[in-house]
Every structure is written in structure tokens, then in C-alpha cells.
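Q: Below is one structure. I have some questions about it.
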There are 2 protein chains.
Amino acid sequence: MALRVQKYGGTSVADIGHINHVADRVIKAHDQGDKVVVVLSAMSGVTDNLIALAKQASETPDKRELDVLLATGEQTTAALLAMILKSREYKAKSFLGFQAGIQTNKTSGKARILDIDCENIRQALENGYIAVVAGFQGVDKDGAITTLGRGGSDTSAVAIASSLKADVCEIFTDVDGVYTTDPRICNYARKINKISYEEMLEMAILGAKVLQIRSVEFAKKYNVPVHVRSSFSEEEGTMVVNESSDMESVIVSGITCDMNEARITLKKVPDQPGVSAKIFTPLAEAEISVDMIIQNTRSGGETDLTFTVTKDDFERAKEISEKVAKELGAVHILTAEEIAKVSVIGLGMKSHSGVAATMFQALASENINIRLISTSEIRISCVILAKYAELAVRTLHTAFGLDQKK
Amino acid sequence: MALRVQKYGGTSVADIGHINHVADRVIKAHDQGDKVVVVLSAMSGVTDNLIALAKQASETPDKRELDVLLATGEQTTAALLAMILKSREYKAKSFLGFQAGIQTNKTSGKARILDIDCENIRQALENGYIAVVAGFQGVDKDGAITTLGRGGSDTSAVAIASSLKADVCEIFTDVDGVYTTDPRICNYARKINKISYEEMLEMAILGAKVLQIRSVEFAKKYNVPVHVRSSFSEEEGTMVVNESSDMESVIVSGITCDMNEARITLKKVPDQPGVSAKIFTPLAEAEISVDMIIQNTRSGGETDLTFTVTKDDFERAKEISEKVAKELGAVHILTAEEIAKVSVIGLGMKSHSGVAATMFQALASENINIRLISTSEIRISCVILAKYAELAVRTLHTAFGLDQKK
């Protein structure tokens, strides 16, 4: 008998038919003797519709109240699934964020879970209930409703799994696992059977949308085994677990491509101490997070400074940068939105050299120019022009031997 | 400076445009220096849509979970109004049932308010906030969401007004007050300026849908002045208050017509002690409430027993009655759905005789046959065939001198 937390995403609960299908899977696990906690997202599209409604009410909807509004999406699916389970003669009970004891900080719209008191859920499970939890939501210490940001239901599920010491946290989604790269870009993408938290984290950060970043951080921190799998098939998906010896001995596990960044270059910035601070402090104060930064020294005590931000932050970042550039006497500012960041990720990089060289050669062989480079212990990222993105992904996928044999 | 609780019904918050209009009114009161608590219903039609969705999920949706689902309707409007108020630079905050401290019993779908702890709201008001409360919902002692039944937002508003000792509870609706009868039936119906709790209660019970019955009971019990008025005009509506000397000295205040009952007659029931109990006990056990009962003695130790139930309960009541009739050896059972109950209501009846006579004569003058009669201290009701309903209402309205001079 296992304790399983199952999370179903928006496409898996898109309508009553789909929710009935979720009920089938939940019941199957329950009938095997497992204790089941189900965490649900809102029906696909609902969150976007609610945001559109809020924007009708106010151009910049108050964040606290937006959370109150958005929380109705998951409340709806949780109530509907519990109803369906009960109409099939199973004991079931819905739990909203405040009932599930999910306490967060006060950052409306992207709150962080501070603490979970799963006593209510634990009791329900002990009394034979299937617990159906509205994902994505919590309450702050004053009892105000908060939401955890896009994909937050993943984090709800992992956090509950950790609090209940569940045997597994199953993330049911519309893909059948984590792939070596986006199968829509590369025909030869392979499903990964097992991946480490570290690699998954890099992939999530770099735009693989299969898991919310925070959910992976949470899983890593509390060592929660996560199983990413399809809600439309019975096949095993991808296990996200601690690094272990039985993982495939590959150097590179996956290739990602992030089209969501934009680049800003300040030309002829004075090459003096403290200049970087003058540029990046106002950006930080505006809560704009800068991803990659590169500085090229020019002759004559001047330098070019290039950095990337997300497209959402681009307009604001440009405005702030232009103001700073003027103050610093920088000659002009160049901006480009049409960039892509391709990355190779793999635990194997820790012990293998030559990954960077292989990557640069592969891109060069297709005449793809690299604009910016950044690295971590298990990742190398290159910014290129967006038009080369798909070609770069396919080239790297082949170069690192990831192609599926067809 | 007054403390005002304002409740807006579904048609008053039907879309963002309407909610903006509500914001105008709320702001006007606030700018006058009043403290304002706003209680909202769901957008008109939303509750019905949610019920339809639930029926897709389950033929007989679990009541606990239906409440969780329905509560999203008021959560939505409360969040939207708070957003709009904030975008207009007013301090505002939404409160759901659990945040407003509205504690109810466990009767899902028609919970009763047991206690209100308005401390959160009171604090918000003191800090200059406009408090926006999701009506219709509360929580039971275990923290489960409950709803108060159709029109329950009226009761939320009155209960909050009573707890806060508000100066007035304004019920904004799509009509401009309480009328002597339904203006859709009678052209000469007049708006009543002031009516007693007792009369209002009888009118609500008898199908005047302007206020939920429980809200009037609550207002009467805690002496909350209620002002029923239009959200689409500035005119004064109807004050519902304690009986007082300055009320219009009329004998009859209003005429109601309830088409929502059905009649069941058991013919040739043995006229013995205990027979009534045998008929009405199983109905009570099935939670069917019987309204009017009449027993006509026939010759030969037999009697005819007629009673009315709501149309919703009719099929079940018929089934139970047929079973009992068989056991009792009653000859046959007659049922008729096409009845109407017309009633005249007035505090004046306490001290004036002859009201019944006037009523019966008026109906007789139009050849309308009376099938059943029931009375209370301030009400006389007659069951007639449904086809005469409108004629009866107009006739009685004239007979009791209620017609507006046009």
C-alpha cells in the first residue's frame, strides 16, 4: 500500500469528460489499496479567461484580489472531481488552500509556500477518503488567499507529497514525460526515463514547461520522487529523483531552447568601477531579473555591456536602461528581441571536458553565430538569433548523440 | 457618519459594466463619510450555470461539493468589485465567508448562520477600507464551505448588519421596492414606503421574491432596519422596520400570489384517530414540508384529506401518498398541479374583522371558487385554480383599496 499524490494539469481536467477520466485513474489507484491525494489545476483556458475578466475590471488588477479571483478556477475542478468520485460511491472530499493548510508568504501572484499542515488531509486519508486538493493556492498568515504562479499546482503537489511523506508525486500532464528536447522541434527527441533533480531544474529554468521550477526545487530539497507522466496513457513517464549510479551514463541529458528572452546592449559605456552597479541596481529595484550579462572591452576606456531579460520585462528594462545610459554618457543603446537561448544540460559535464567545444563546433558547422555564452556546472547556454533556434536544437541533439534510433 | 451595509443582487452585478456602476454607488456613500460594507451576489445566471455544470458531473451532485462549487460565483464578483474600487484609488478588500467570520450549521445548500465574528471587517472599516463581502456563503465549524440557499446574500447582508450594528442594511435589487402586489400582474400596484417585519415575512413566505425569508426573520429578530431599493435609480425604496404608529393605517398591505404549490387529495380515508399521523409522518421523514391541510368529513366514517406541497416536492409526495393510501384502504388519490395560492396580508387584520368576508365576496363576484383556506394572525390565503390567479389578484387589490390612483 502506497501513499500517492497525483497532480493533473489543465488539459487533463479540460471538461467534465476529462474529469471523469481523471476519476477513473484515481479510482484505479484507490482500488489497488493506495491512499490517494489528488491535486488539480483549473480547466485549461480558465485562468487566462479570469485574467482577461480582471483586465476588463482594471488595467492593472490589484494582485491580492486577482488571486482571490484566480483561486476560483481550481476550486471549481476540485469540487467537480469530488462530486464525481462521490457519485461513484467513493468517499471523497475537496480541500481548498486554506483547508489543506497551505501557508504561503504574502507575495500575491507568485507566493512561496512557507509551511504545510496536512493534518486535515492525513485524517481524511486515514478515514478512507480520497483527498481532492485545489492546487495553485494557499493562504498567507492573515488568511488572505494567495496563488503560487503559473504551474503552481505542481508545487502544491510536491509540497503536499513532501509533507505527507508520500511514496511518489505523480505529475499527470499532456505529454508522456520529459524529453531530451522539444519533440515539436526535433523528430528524434527521446523520452528520458530517469533524470536528476539538478538536470530537471536546469531544464525547467530554461523553458521546458513540463514542471514549474519551484516544484523541482521543492522536490530536490525534500527528496520527493516525482513521476512525470501522461494522463492519456498507462505508460511510465520520467522519474525525477536524486542523482544515482543507475542513471544513463550520458554526458548531456537534454537540449533546451528558450525564446522568451530579449537582449539589450549599451554601447561605449565608460569602463570604470561602479558602472555595472549603476546599470543593474535600478533594474533590480524594478524587480526585473537579468539573466545573462556580457561585457566587451573596447579601446579608449570604454566598454560594451550586453544583457538579457525576459520579454515581459523588456519594455520596462529598455526604458530604465535608456535613462541610465544617458546619465553615464553611453553613446547609444541597441535592443534586439529576436534572440533564442539554446542550452545543453547534463550532470556528466561535471566530469567530462570538451562539452563546450563540441557545442561551439556543432553551431559553427551550421554557420550559427553565438552572441552570448553562459555556463553553470551542468549547463552551457548560447544566445543566438531566433531564426536559427530550431536548427541549433536539432544540430546539438545529433552532436551529443541524443537522437532516437528510428 | 453612518455605517451602511449594501447588498447588490445578481442583476446589479451582471457584468463588469454593472459592477462599475455598483462601485459608483459605493464610492458615493463612502465619499459622504459613511463606512460601507458591500455584500454581493454572483453575476445573474452564474449560479444556475454552475448547477448545470454540477449536474453534468453527477445527476445528484453531492451537496457539500456543490456548495464549494457555487461559492465561486460570489468569490468572483467580490474580487472584481474590490479590484475596481482599488483601481479607482479607494482602499478596498474582499472577504469570503470564512474570512468574514460567517459561521453556519452543516446543512449544505441551505445552511443557517449560527454566529458571526465580524472582527476582520470591523478592523478593515476602522482602517478606512471599503469591505467587499462575498454573500451567500459561510463555513461550518470544521471549516467546510456552506451556502445559505437561494437569495442567501440577503441573509448574509442582514446578518453582517446586525453583527456590526449598522445603521441600515440596503438591499439593492432590480425593482424599486416592495409593492402591494406583483406589478407584472396588476397595473395599479403601488410601492409601499414602509412595511413591518411581520408583513414582509408573510409576503416573502408567499412568494414575493424581493427578500429571502430568512433575511427577514433575521432582521426582525435583531431589529435591523432594511431598505429595499433599486440599484438603477436614486429613489427611496421600501423600509422594512418594526411596526410603528406612523405606518399607513391600512388594513391590508399587500396581495401575493404563489404558483409554486401543488395539491394532493386522498379520497375516502377512514375517519379514525391516528390516520393523519400515518399520512404526514412519512412525508415529514422525507423532508417534504406540507403547507395547507384540509379535511372534509364524508358520511359513513370516511373523510377526504387535501394538502398542498411545493411543486419541487410534488412527485415524491405523490408517490409516498399513494403508498399510504393503499395501506389505509383509501379509494383513490386525486392530484392537481394547476393551483394558485392568493393571499392578503396586513397587520390591520389583528384589529379589524371582516377581512375574510371581503376577500371571499370579491372572489365570488368573479365566480372564482375557493378550494382551500388557511389563515394566520395577519394573513388569509385561498387556494384557487391557477387559471384565475391574475384575475383574483387584481380583484382583491381593488377590493382592499390598494389601487394606485393613475
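Q: Just to verify a result, which residue in region B:93-102, among those that are more than 7 Å from every other protein chain (Cβ to nearest Cβ) and touching a residue at least 24 places away in the same chain (Cβ under 8 Å), is farthest from residue B:23 (Cα to Cα)? Working first, answer last.
A: At the first step, the residues of region B:93-102 found to be more than 7 Å from every other protein chain (Cβ to nearest Cβ) are B:93, B:95-97, B:100-102.
Adding the requirement that they be touching a residue at least 24 places away in the same chain (Cβ under 8 Å) leaves B:93, B:95-97, B:100, B:102.
Values: B:93: 13, B:95: 16, B:96: 18, B:97: 21, B:100: 20, B:102: 24 Å.
Per the stated criteria, the residue is B:102.
Q: Condition test on residue B:59, is it surrounded by fewer than 23 Cβ atoms within 10 Å (Cβ to Cβ), facing chain A (nearest Cβ under 8 Å) and free of Cβ contacts under 8 Å to residues at least 40 places away in the same chain? Spell out how you get there, then give the answer.
A: Values: surrounded by fewer than 23 Cβ atoms within 10 Å (Cβ to Cβ): yes; facing chain A (nearest Cβ under 8 Å): yes; free of Cβ contacts under 8 Å to residues at least 40 places away in the same chain: yes.
Taking the combined requirement at face value, the residue satisfies it.
Q: Which one of the conditions (1) farther than 27 Å from residue A:30 by Cα; (2) in contact with a strand residue (DSSP E or B) (Cβ under 8 Å, 6 or more places away or on another chain) does residue A:74 fail to meet, given that it meets all the rest?
A: That leaves (1) as the condition not met.
Q: In contact with a Lys or Arg (Cβ under 6 Å, 6 or more places away or on another chain) and either away from chain A (no Cβ under 12 Å) or part of a strand (DSSP E or B) (or both): is that true of residue B:138 in this structure? Steps first, answer last, please.
A: Working: in contact with a Lys or Arg (Cβ under 6 Å, 6 or more places away or on another chain): no; either away from chain A (no Cβ under 12 Å) or part of a strand (DSSP E or B) (or both): yes.
Spelling it out, it is not the case that residue B:138 is in contact with a Lys or Arg (Cβ under 6 Å, 6 or more places away or on another chain) and either away from chain A (no Cβ under 12 Å) or part of a strand (DSSP E or B) (or both).
Q: Follow-up question, since we're still on this one. Would you confirm whether any residue within region A:236-255 is surrounded by fewer than 23 Cβ atoms within 10 Å (Cβ to Cβ), in a strand (DSSP E or B) and either free of Cβ contacts under 8 Å to residues at least 60 places away in the same chain or touching a Ser or Thr at 6+ places or on another chain (Cβ under 8 Å) (or both)?
A: yes
Q: Right, next: Would you confirm, using the coordinates I've provided, whether residue B:222 is of a type outside the set (A, V, I, L, M, F, W, C) and in the same structural domain as residue B:23 (by TED's automatic domain parsing)? Don't jump to the end; show me each part of the working.
A: Values: of a type outside the set (A, V, I, L, M, F, W, C): yes; in the same structural domain as residue B:23 (by TED's automatic domain parsing): yes.
So residue B:222 passes the test.
Q: Report whether or not residue B:51 is among the β-branched types (Val, Ile, Thr), over 22 Å from residue B:158 (Cα atoms) and at the interface with another protein chain (Cβ under 10 Å from one of its Cβ atoms). Full working, then the answer.
A: Values: among the β-branched types (Val, Ile, Thr): yes; over 22 Å from residue B:158 (Cα atoms): yes; at the interface with another protein chain (Cβ under 10 Å from one of its Cβ atoms): no.
No; evaluated as a whole, the condition is false for this residue.
Q: When you look at residue B:132, is it in contact with a Ser or Thr (Cβ under 8 Å, 6 or more places away or on another chain), surrounded by 24 or more Cβ atoms within 10 Å (Cβ to Cβ) and away from chain A (no Cβ under 12 Å), yes or no? Lay out the reasoning, then the answer.
A: Details: in contact with a Ser or Thr (Cβ under 8 Å, 6 or more places away or on another chain): yes; surrounded by 24 or more Cβ atoms within 10 Å (Cβ to Cβ): yes; away from chain A (no Cβ under 12 Å): no.
No, not satisfied.
Q: Confirm whether residue B:303 is touching a Pro at 6+ places or on another chain (Cβ under 9 Å), at pLDDT below 90 and assigned to a strand (DSSP E or B).
A: Details: touching a Pro at 6+ places or on another chain (Cβ under 9 Å): yes; at pLDDT below 90: yes; assigned to a strand (DSSP E or B): yes.
Yes.
Q: Which is more than 14 Å from every other protein chain (Cβ to nearest Cβ), at positive phi and modelled with pLDDT under 95, of B:109, B:151? Give the steps one after another, and end with the answer.
A: Details: B:109 fails: more than 14 Å from every other protein chain (Cβ to nearest Cβ).
Just a single option satisfies the conditions, and that option is B:151.
Q: Do the conditions hold for residue B:39, that is, is it more than 9 Å from chain A (Cβ to nearest Cβ), modelled with pLDDT of 95 or more, buried (at least 21 other Cβ atoms within 10 Å of the Cβ) and over 18 Å from residue B:148 (Cα atoms)? I'd like the intermediate steps shown before the answer.
A: Details: more than 9 Å from chain A (Cβ to nearest Cβ): yes; modelled with pLDDT of 95 or more: yes; buried (at least 21 other Cβ atoms within 10 Å of the Cβ): yes; over 18 Å from residue B:148 (Cα atoms): no.
Spelling it out, it is not the case that residue B:39 is more than 9 Å from chain A (Cβ to nearest Cβ), modelled with pLDDT of 95 or more, buried (at least 21 other Cβ atoms within 10 Å of the Cβ) and over 18 Å from residue B:148 (Cα atoms).
Q: Still on this structure, please answer the following. Run residue B:90 past the list (1) out of contact with any Ser or Thr (no Cβ under 7 Å at 6 or more places or on another chain); (2) surrounded by fewer than 24 Cβ atoms within 10 Å (Cβ to Cβ); (3) of a type in the set (Ser, Thr, Tyr); (4) facing another protein chain (nearest Cβ under 7 Å) and report the number of the one that doesn't hold.
A: Condition not satisfied by residue B:90: (4).
Q: Can I ask one more? Does residue A:82 satisfy the condition of being more than 27 Å from residue B:93 (Cα to Cα) and within 13 Å of another protein chain (Cβ to nearest Cβ)?
A: Values: more than 27 Å from residue B:93 (Cα to Cα): yes; within 13 Å of another protein chain (Cβ to nearest Cβ): yes.
The answer is yes for residue A:82.
Q: While we're on this one: For region B:18-26, indicate whether the set of residues that are surrounded by fewer than 22 Cβ atoms within 10 Å (Cβ to Cβ), at pLDDT 95 or above and at the interface with chain A (Cβ under 10 Å from one of its Cβ atoms) is non-empty. It would help to see each step written out before you state the result.
A: Step one: of region B:18-26, the residues surrounded by fewer than 22 Cβ atoms within 10 Å (Cβ to Cβ) are B:18, B:20-21, B:24-25.
Still in the list and also at pLDDT 95 or above: B:18, B:20-21, B:24-25.
With the extra rule that they be at the interface with chain A (Cβ under 10 Å from one of its Cβ atoms), the set shrinks to B:20.
Yes, region B:18-26 has at least one match.
Q: Let me ask another. Please tell me if residue A:308 is modelled with pLDDT of 90 or more, closer than 27 Å to residue A:268 by Cβ, not charged (D, E, K, R) and not in a helix (DSSP H, G or I). Break it down into steps so the answer makes sense when it comes.
A: On the way: modelled with pLDDT of 90 or more: yes; closer than 27 Å to residue A:268 by Cβ: yes; not charged (D, E, K, R): yes; not in a helix (DSSP H, G or I): yes.
Considered against the rule, which asks whether it is modelled with pLDDT of 90 or more, closer than 27 Å to residue A:268 by Cβ, not charged (D, E, K, R) and not in a helix (DSSP H, G or I), residue A:308 comes out as yes.
Q: Any residue in region A:113-124 that is more than 22 Å from residue A:29 (Cβ to Cβ), surrounded by 17 or more Cβ atoms within 10 Å (Cβ to Cβ) and in the same structural domain as residue A:43 (by TED's automatic domain parsing)?
A: Within region A:113-124, one or more residues are more than 22 Å from residue A:29 (Cβ to Cβ), surrounded by 17 or more Cβ atoms within 10 Å (Cβ to Cβ) and in the same structural domain as residue A:43 (by TED's automatic domain parsing).
Q: Given the residues B:342, B:269, B:331, which is the only one that is within 26 Å of residue B:208 (Cα to Cα) and not assigned by TED's automatic domain parsing to the domain that holds residue B:205? Let's see the steps before the verdict.
A: Details: B:269 fails: within 26 Å of residue B:208 (Cα to Cα); B:331 fails: within 26 Å of residue B:208 (Cα to Cα).
Answer to the selection: B:342.
Q: Can you tell me which condition residue B:156 does not meet? The list is (1) touching a helix residue (DSSP H, G or I) at 6+ places or on another chain (Cβ under 8 Å); (2) crowded, with 19+ Cβ neighbours inside 10 Å; (3) away from chain A (no Cβ under 13 Å), and all the others hold.
A: Going through the list (1) touching a helix residue (DSSP H, G or I) at 6+ places or on another chain (Cβ under 8 Å); (2) crowded, with 19+ Cβ neighbours inside 10 Å; (3) away from chain A (no Cβ under 13 Å), residue B:156 breaks only (1).
Q: In region B:231-253, what count of residues is obtained for those that are modelled with pLDDT under 90, acidic (Asp, Glu) and more than 12 Å from residue B:192 (Cβ to Cβ)?
A: Number of matching residues: 2.
Q: Only one of (1) surrounded by fewer than 24 Cβ atoms within 10 Å (Cβ to Cβ); (2) closer than 22 Å to residue B:1 by Cβ; (3) away from chain A (no Cβ under 12 Å) is not met by residue B:161, so which one is it?
A: (1)
Q: Within region A:286-341, can you find the residues that are among the basic types (Lys, Arg), over 19 Å from residue A:207 (Cα atoms) and either touching a strand residue (DSSP E or B) at 6+ places or on another chain (Cβ under 8 Å) or surrounded by 14 or more Cβ atoms within 10 Å (Cβ to Cβ) (or both)? Explain how you work it out, then say what you get.
A: Initial filter on region A:286-341 (among the basic types (Lys, Arg)): A:298, A:311, A:316, A:318, A:323, A:326, A:341.
Checking which are over 19 Å from residue A:207 (Cα atoms) leaves us with A:298, A:316, A:318, A:323, A:326.
Correct list: A:298, A:316, A:318.
Q: Going by what's in this entry, would residue A:70 be described as at pLDDT 95 or above, under 27 Å from the mean Cα position of the chain (by Cα) and within 11 Å of chain B (Cβ to nearest Cβ)?
A: Numbers: at pLDDT 95 or above: yes; under 27 Å from the mean Cα position of the chain (by Cα): yes; within 11 Å of chain B (Cβ to nearest Cβ): yes.
Yes; evaluated as a whole, the condition is true for this residue.
Q: Within region B:168-193, which residues are among the charged types (D, E, K, R) and surrounded by 17 or more Cβ atoms within 10 Å (Cβ to Cβ)? Spell out the reasoning first.
A: Taking region B:168-193 as the starting set, the residues that turn out to be among the charged types (D, E, K, R) are B:170, B:174, B:176, B:182, B:184, B:190-191.
Passing the criteria: B:170, B:176, B:182, B:190, B:191.
The values are calculated or read from the model by the stated rules, or taken from the named source; none is laboratory data. No experiment lies behind these values; they were computed from the predicted model shown. FYI the Cβ positions are ideal-geometry reconstructions off the backbone, even for glycines, and counts take in every protein chain you see.
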